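Read-outs: derived from the displayed coordinates by stated rules, not from any lab. Computed from a predicted model, the values in this text were never measured in an experiment. Cβ coordinates were reconstructed from backbone atoms using ideal geometry, including for glycine residues, and neighbour counts include every protein chain displayed.
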Amino acid sequence: MKQVVDLEGHPQFISLDIQLLSISIDPTPSLAKAVKEWGVITPHLSDVDGRVSNRYSVLQWAMPSGEPGHTFVLIGEDRKVKWIQDYGAPQNGGRMYVPVGELLREIVKYLPPQLQSNSSLLEHGAELYRQNCQVCHGGTTGGSMMDVPPPHNASGHTWHHSDCQLIDVVLHGSGEMGEAMRAMMQVPDSVPRMPT
């Protein structure tokens, strides 16, 4: 489930406008429980009999128990498989988690050209974020909505604000909005303010 959480919360993945769907052989009640526990929004399909997994040739890398490993399938708008990669089988590395950046590098190769160029811009933006913002605002996971400074991921509240507000904060520092948030949350003066 952590793989889904990290994909859902990764700005570059979100920007690609790919519909994520998780398919497993777990029965619906246990899937529903896990979805609720982890707080994910991605649709989860219970493929108890393995028909869907088999149809997409995922079971060629099945574990000894017969259940699928950790395989990704990218389906195009034409409903054809554009890319398939298994990571879970021993011969493919035996991994049940793949870093989002690694997945993105693979997926982007199979996207339409306009999305590929968007992706390179996003990679540049991600690098700028790592160099200038991550030390205070954190990475793609962790933190909570009430942290100061706020995390810029699915746990934070950045997505509550318009692009216009966010651009203003980056260009001019915390300003009125930042001061209002600090006052509301009773943030001590010793906590640094957002610089321009």
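Data for the structure
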quantity	calculated
Anisotropy class of the stretch 1-60 from Cα gyration tensor, a/c 1.5 cut	oblate
Burial ordering of Ile75, Ile107, fewest other beta-carbon atoms within 10 Å first	Ile75, Ile107
Antiparallel DSSP beta bridges within the stretch 2-117, as percent of all bridges there, nearest 5	60 percent
Where Rh is the Kirkwood radius over Cα pairs, Rg/Rh for the stretch 2-117	0.95
Percent RCO, i.e. relative contact order, over the chain, from Cα pairs under 8 Å lying at least 6 residues apart	14 percent
Listed peptides 7-19, 94-106, 158-170 by packing density, highest first (mean Cβ within 10 Å)	7-19, 94-106, 158-170
D (Stokes-Einstein, µm²/s), Kirkwood Cα radius, the stretch 68-155, 0.890 mPa s at 25 °C	159 µm²/s
Diffusion constant of the chain at 10 °C, which comes from Stokes-Einstein with the Kirkwood Cα-pair radius and 1.306 mPa s, µm²/s	83 µm²/s
